[in-house]
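*Asks:* I'd like to ask some things about the structure below.
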């Protein structure tokens, strides 16, 4: 078996989670397909679902869950740095940055296979999280580091 061949785990339709079923109705992709525009539009919901699934997993340490609660609280809070109601889709950028930063920080304490087992999106969860954090670093630089530091003090 080739080292680059993706591992595909087929689930019985009853075993698939609600979000996964809804996502598959929006995007019909074969495992191993590259991400497309629809995947990019679903990146924030995919990361949010991953965050909430990790919160419920017993294999995730309590310290990581505390950080995840802080990220989930920000995501669910009507008070944002960039309100989506006023700024439209651009208002979701801060949510994407916070969730990406929290998940990136959690990767230091959670085994990558645990993260991958909960990933609803296309491609690899770790790559998606790294892309978000790399993009936010390039775009916002020190502000993201300050936000992560602030979140870690809270967690």
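*Asks:* Residues in the range 39-74, backbone N under 17 Å from the label point at residue 109 (7 Å along the Cα-to-beta-carbon vector): list them, ranges by number please.
*Replies:* Correct set: 51-74.
*Asks:* Here is a follow-up. Using Cβ contacts closer than 10 Å as the measure, can you line up 95, 20, 142 from fewest to most?
*Replies:* Final ranking by Cβ density, sparse to dense: 142, 20, 95.
*Asks:* Right, another one. Using the number of other C-beta atoms within 10 angstrom as an exposure proxy, rank 105, 56, 131 with the fewest first.
*Replies:* 56, 131, 105
*Asks:* Starting with the fewest neighbours, write out 67, 92 ranked by other beta-carbon atoms found within 10 Å of each beta-carbon.
*Replies:* Ascending Cβ contact count within 10 Å gives the list 92, 67.
Values quoted throughout were computed directly from the atomic coordinates according to the rules given, and no laboratory measurement underlies them. Since this is a predicted model, take the numbers as computed values, not measurements. Neighbour counts run over all protein chains shown; Cβ positions are idealised from the backbone, glycine included.
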